[in-house]
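Colleague: Okay, here's the structure, questions in a sec.
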Amino acid sequence: MGINERKERERAEREQRIIAAARLIAERDGWASVTVRRLAQEIEYSQPVLYTHFENRDAIVGAVALEGFGELGPMLRAAVRRDASPAEAIEAVATAYLNFAFERPALYEAMFVLPSGLRFAKSDTPQVLRDTFGAMMAVVEPFCADPEIATETFWAALHGLAELERHGRIREAFRGERVKHTVGMFTAEV
């Protein structure tokens, strides 16, 4: 292995340590505690070293969010049983999405709430975001003529439910009923 390959590997390892530290701090103490100074202390590098990897905190949040999309997309696809009907598939994806939001609140926040620099529905949208959107669209498509608009609406409904419940605005005990109602809005013939 040459010097350049070793340096690139070390750089990638350092970048991964920064991302992992940001996730850990956010999960433990909330995103307000994730600062470049604290990350530098956590991974035992200087702040200027962190800035050689990420322009700012938003870029770090974006890197964490990309990891999250890399986890969410496959999770949504795995939630759908091979023999599921279209209605069962959309309900499974809705449930898996909400479970993800509640089981990984700091990661969800990085993906969908905090500034991250990630761009959706643009020509430069990262593939992992497209893949996650595609996992949602696959279960919405059987019920509509314009699957992109319907998927955006489905996603917005799920996100709204997640955020309202995460902040205590709606009752957790009725999550299942809300999922069934939301799914019903998409599966009902219009």
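Colleague: Name the single residue, out of those in the stretch 176-186 being buried (at least 18 other Cβ atoms within 10 Å of the Cβ) and in contact (Cβ under 8 Å) with a residue 24 or more places away in the chain, that is nearest to residue 147 (Cα to Cα).
Modeller: Step by step, filter the stretch 176-186, then rank; the result is 186.
Colleague: Right, here's the next one. Out of the helices (runs of 4 or more DSSP H) lying entirely within the stretch 40-135, which hold 3 or more residues that are under 17 Å from residue 17 (Cβ atoms), touching a residue at least 24 places away in the same chain (Cβ under 8 Å) and aliphatic (A, V, I, L, M)?
Modeller: 57-79
Colleague: Identify, by number, the condition in (1) at pLDDT 95 or above; (2) among the small types (Gly, Ala, Ser); (3) in contact with an Asp or Glu (Cβ under 6 Å, 6 or more places away or on another chain); (4) surrounded by fewer than 17 Cβ atoms within 10 Å (Cβ to Cβ) that residue 106 doesn't meet.
Modeller: That leaves (4) as the condition not met.
Colleague: Kindly evaluate residue 24 against the criterion of being assigned to a helix (DSSP H, G or I), under 22 Å from the mean Cα position of the chain (by Cα) and under 18 Å from residue 116 (Cα atoms).
Modeller: Yes: the conditions hold for residue 24.
Colleague: OK, next. Within the stretch 27-39, track down each residue that is assigned to a helix (DSSP H, G or I), within 19 Å of residue 113 (Cα to Cα) and out of contact with any Asp or Glu (no Cβ under 9 Å at 6 or more places or on another chain).
Modeller: 27, 28, 29, 32, 33
Colleague: Now for a separate question. Taking the residues in the stretch 153-175 that are in contact (Cβ under 8 Å) with a residue 12 or more places away in the chain and either exposed (fewer than 11 other Cβ atoms within 10 Å of the Cβ) or among the acidic types (Asp, Glu) (or both) as candidates, determine which candidate is farthest from residue 114 (Cα to Cα).
Modeller: By that ranking, first place goes to 165.
Colleague: Looking for whichever is over 26 Å from residue 126 (Cα atoms) and not aliphatic (A, V, I, L, M) here; the options are 37, 17, 9, 57. Which one fits?
Modeller: Just a single option satisfies the conditions, and that option is 37.
Colleague: Tell me the residue from 121, 26 that is of a type in the set (A, V, I, L, M), surrounded by 13 or more Cβ atoms within 10 Å (Cβ to Cβ), out of contact with any Pro (no Cβ under 8 Å at 6 or more places or on another chain) and closer than 30 Å to residue 158 by Cα, please.
Modeller: 26
Colleague: Name the single residue that is surrounded by the most Cβ atoms within 10 Å (Cβ to Cβ) among those in the stretch 6-23 being within 18 Å of residue 48 (Cβ to Cβ) and of a type in the set (Gly, Ala, Ser).
Modeller: For the stretch 6-23, the residue satisfying everything is 22.
The values are calculated or read from the model by the stated rules, or taken from the named source; none is laboratory data. These numbers were taken from a predicted model, which means no experiment stands behind them. Note: ideal-geometry Cβ built from the backbone for every residue, glycine included; neighbour counts use all protein chains shown.
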